[in-house]
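Okay, structure first, notes after.
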Amino acid sequence: MNRLTWTFLEPLPRSAAFRPLQRSTPERGRKQPEGSAPYSRLMVRAHSQVSPAREGKAWVHAFALLAIAVVLHCQAAFAQTEWIEKLDQSLSLQTSNGWFRSDLSGLLDLELYYIDQQPPGLIFSDDDAFFSPRLSLFLDTQFGSHLYTFVQARYDRGFDPGSREDGDIRLDEYFLRYTPFQDSRLNFQFGKFATVVGNWVPRHDSWNNPFISAPLPYENVVIITDHVAPANPAAFLARRNKFDDKRTWVPGIWGPSYASGGSIFGRIDKYEYAFEVKNVALSSRPYAWDATRHPWESPVVSGRVGYRPNATWSVGASFSHGPYLLPPDEPLFPGGPIKDQFKQTTVGHDIGYAWRHWQVWAEAFASRFEVPNVGDADTLAYYIEARYKLSPRVFLAGRWNQQFFDKIPDGAGGTQRWDRDIWRIEAAAGYRFDRHLQAKIQYGYSHQNGPLQQGEQLVAGQITIKF
C-alpha cells in the first residue's frame, strides 16, 4: 500500500492548448427572449440622491485607496513569504513513490472597471464604475505517467464581469487526459475545457495575461444572434443602430470557449497539432458550454496545427466549423428544427515571437455566419500585442485591434456592411511584487464607424494574489 506524505509540489504544468479562464452586455431595457440564456439581469443603478458621475468618481477614489492599501499591506506581508510557502505545502499531496500527486492552487483577482459609456466587449454592467472580485481554484491530479485530471472552480460575479450581480459558483473546467506514451506525441482529453484555437488561450488567465481584458476577436459582440432569427435583411441591419444586446448577440469567439467534448493533441519534434469535437460553436455563450445544458446533437469540429522552429518563433493555423444556433431557435422555423443548416466557419492564423525582454503575439480570424433569412455574413478580426519587460518585476504592454465587416444585400436592391467596423488601441502596465502578488492597470480607447459608440474609453485595474 502506498503511504501518503505531505510534500511541497510546484503546480503541475497544464497543456498550453487547454489552459483555463475569462468574460460579457445586453442592451438596456430589452426584454430577454423566451428560452434565451439564463443570465441574471443587468446590474441597475440604485436610486440615490448622489449623481451617477459623483457615484462613479466615489467608486474610483474608494478603489484607488483600497488598491494602495492592499498593495502596501500585501507587499509588506509577502516580503516574508513563509506563511504562503506553508500554505503551498499544505495544499499539495503525493504518495511516497510519486505514483499519485495532487496540487490545489488558486488566483484571487480584485478588479475595478471605469467606462465612459455603454460597456464594451463582454462586460455586463450599467454602472460607469464597478468592482469585480474573482476567486479561481485549480486542482491538478496525476495518476502515474498516463492519467491526469484537472478541475477549475470559480466564484465571481459571473463568467463575464457583472453578468451575475449576486455572485456565482461554478465549475468552468473539468477533464480527464490520457497519455499512452512516455512523451507528448499523443494525448486524449475528454471533458469541459478551453478551445485549442489560436494562441491567446495559453496566456489568458490573470497571472499570465499582460492585459485585464481579452483581445477584440475574443470579446467584440456583433449583431449575430444565436437565439432569435432576423425576419429579413432590413431587420438584421437595423440592429447596427442599437447598443449591444449581449443576451442574444455573440462575438466571433466567446473568450476561451470552455465547451464540452473530446480532443486529441500532441507534439512531434517541432510540430504541434490539436483537434477537438465540442458541443457548441466558438461563438456560443457560457451557459451552453456544459454538456448537461447542450448535448452533442450538433457537434462542432475545431483544430490547430503549429510549427515551432526554435524557442523564439511559433506559428499556427486554426479552423472551426459547425452550427451556432442554440435550441430555442428551432420553433421559429416552419417545418421543424433546421438549426443545423446554419453554421459558423472560422479560420485563423497566429504567430508568436519571444526574444530577450520582448514578447509579441498576433492573430487574425476570418469568420462566416450563415444567417437565417439573410445569407452569409463575413467578418475579419485581428490584433497585434506586445509585452516588454523593463525589469524582472515591471512590464509594459500594448495592443492594436481591428474588425471589419463585409457587405450583404439589404433587401432593397443595394448592399451594406452588416455591422460597424471598429478599431481599438490598448496600453497596460504591470508590477510583480514577487511570485505571489501582481498588480496591473489598463487603458483602452475604441472607435466604430457610425453615430453610435459603445464604451470608447475603458480604464481597469487589477490586483492578483497567486497561491
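The values are calculated or read from the model by the stated rules, or taken from the named source; none is laboratory data. Owing to the predicted nature of the structure, the values given are computational and were not obtained by experimental measurement. Methodologically, a virtual Cβ is constructed for each residue, glycine included, from the backbone with ideal geometry; neighbour enumeration extends over all protein chains shown.
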Any chance Pro409 is over 30 Å from Thr312 (Cβ atoms) and either of a type outside the set (Lys, Arg) or at pLDDT below 95 (or both): yes
Tell me which of these Leu107 doesn't satisfy, since it passes every other one: (1) more than 23 Å from Val221 (Cα to Cα); (2) in contact with a Lys or Arg (Cβ under 6 Å, 6 or more places away or on another chain); (3) assigned to a loop (DSSP other than H, G, I, E, B). (3)
What single numbered condition from (1) of a type in the set (A, V, I, L, M, F, W, C); (2) closer than 28 Å to Leu122 by Cα; (3) modelled with pLDDT under 95 fails to hold for Phe365? (3)
Any residue at all in segment 374-392 that's exposed (fewer than 14 other Cβ atoms within 10 Å of the Cβ), over 26 Å from Gly450 (Cα atoms) and of a type outside the set (A, V, I, L, M, F, W, C)? yes
The listed residue being crowded, with 19+ Cβ neighbours inside 10 Å, more than 30 Å from Leu110 (Cβ to Cβ) and either more than 22 Å from the chain's Cα centre (by Cα) or of a type in the set (Val, Ile, Thr) (or both), out of Ile408, Ile463: Ile408
Mind checking whether some residue in segment 312-327 is over 23 Å from the mean Cα position of the chain (by Cα), modelled with pLDDT of 95 or more and not polar (S, T, N, Q)? yes
Can you pull out every residue in segment 427-458 that is assigned to a loop (DSSP other than H, G, I, E, B) and of a type outside the set (A, V, I, L, M, F, W, C)? Arg435, His436, Asn449, Gly450, Pro451, Gln453, Gln454, Gly455, Glu456
If you go through segment 240-258 one residue at a time, do you hit one that is farther than 30 Å from Pro295 by Cα, part of a helix (DSSP H, G or I) and in contact with a Gly (Cβ under 9 Å, 6 or more places away or on another chain)? yes
Identify, please: which residue in segment 375-408 is in a strand (DSSP E or B) and among the acidic types (Asp, Glu) and is, among those, nearest to Arg424 (Cα to Cα)? Glu385
Since Tyr114 meets every condition but one in (1) part of a loop (DSSP other than H, G, I, E, B); (2) in contact with an Asp or Glu (Cβ under 7 Å, 6 or more places away or on another chain); (3) farther than 21 Å from Trp207 by Cβ, which condition does it not meet? (1)
For segment 409-464, which residues satisfy the criterion of being of a type in the set (Val, Ile, Thr) and within 18 Å of Ser213 (Cα to Cα)? Ile422, Ile425, Ile441, Val459, Ile463, Thr464
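Here is a yes/no grid of residues against (1) modelled with pLDDT under 95; (2) surrounded by fewer than 19 Cβ atoms within 10 Å (Cβ to Cβ):
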residue: Glu173; (1), (2): no, no
residue: Asn187; (1), (2): no, no
residue: Phe193; (1), (2): no, no
residue: Val221; (1), (2): yes, no
residue: His227; (1), (2): yes, no
residue: Ala231; (1), (2): yes, yes
residue: Ala238; (1), (2): yes, yes
residue: Trp249; (1), (2): yes, no
residue: Pro256; (1), (2): no, no
Based on this model, can you work out whether Arg293 counts as among the charged types (D, E, K, R) and under 27 Å from Ile351 (Cα atoms)? no
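Residue-wise test of (1) more than 25 Å from Val151 (Cβ to Cβ); (2) β-branched (Val, Ile, Thr); (3) in a loop (DSSP other than H, G, I, E, B).
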{"residue": "Asp166", "(1), (2), (3)": "no, no, yes"}
{"residue": "Ile169", "(1), (2), (3)": "no, yes, no"}
{"residue": "Gln189", "(1), (2), (3)": "no, no, no"}
{"residue": "Pro202", "(1), (2), (3)": "no, no, no"}
{"residue": "Asp205", "(1), (2), (3)": "no, no, yes"}
{"residue": "Ile212", "(1), (2), (3)": "no, yes, yes"}
{"residue": "Ile224", "(1), (2), (3)": "yes, yes, no"}
{"residue": "His227", "(1), (2), (3)": "yes, no, yes"}
{"residue": "Pro230", "(1), (2), (3)": "yes, no, yes"}
For segment 133-171: of the residues being within 25 Å of Leu91 (Cα to Cα) and touching a Ser or Thr at 6+ places or on another chain (Cβ under 6 Å), which is surrounded by the most Cβ atoms within 10 Å (Cβ to Cβ)? Arg154
Here the residues within segment 139-174 that are touching a Pro at 6+ places or on another chain (Cβ under 7 Å) and of a type outside the set (S, T, N, Q) are Asp140, His146, Asp156, Phe159, Asp172, Glu173
Given the conditions (1) polar (S, T, N, Q); (2) in contact with a strand residue (DSSP E or B) (Cβ under 6 Å, 6 or more places away or on another chain); (3) under 19 Å from Pro230 (Cβ atoms), and given that Gln359 satisfies all but one, which numbered condition is not satisfied? (3)
Hey, Arg170 hits all of (1) within 19 Å of the chain's Cα centre (by Cα); (2) closer than 23 Å to Asp245 by Cβ; (3) not aliphatic (A, V, I, L, M) but one; which does it fall short on? (2)
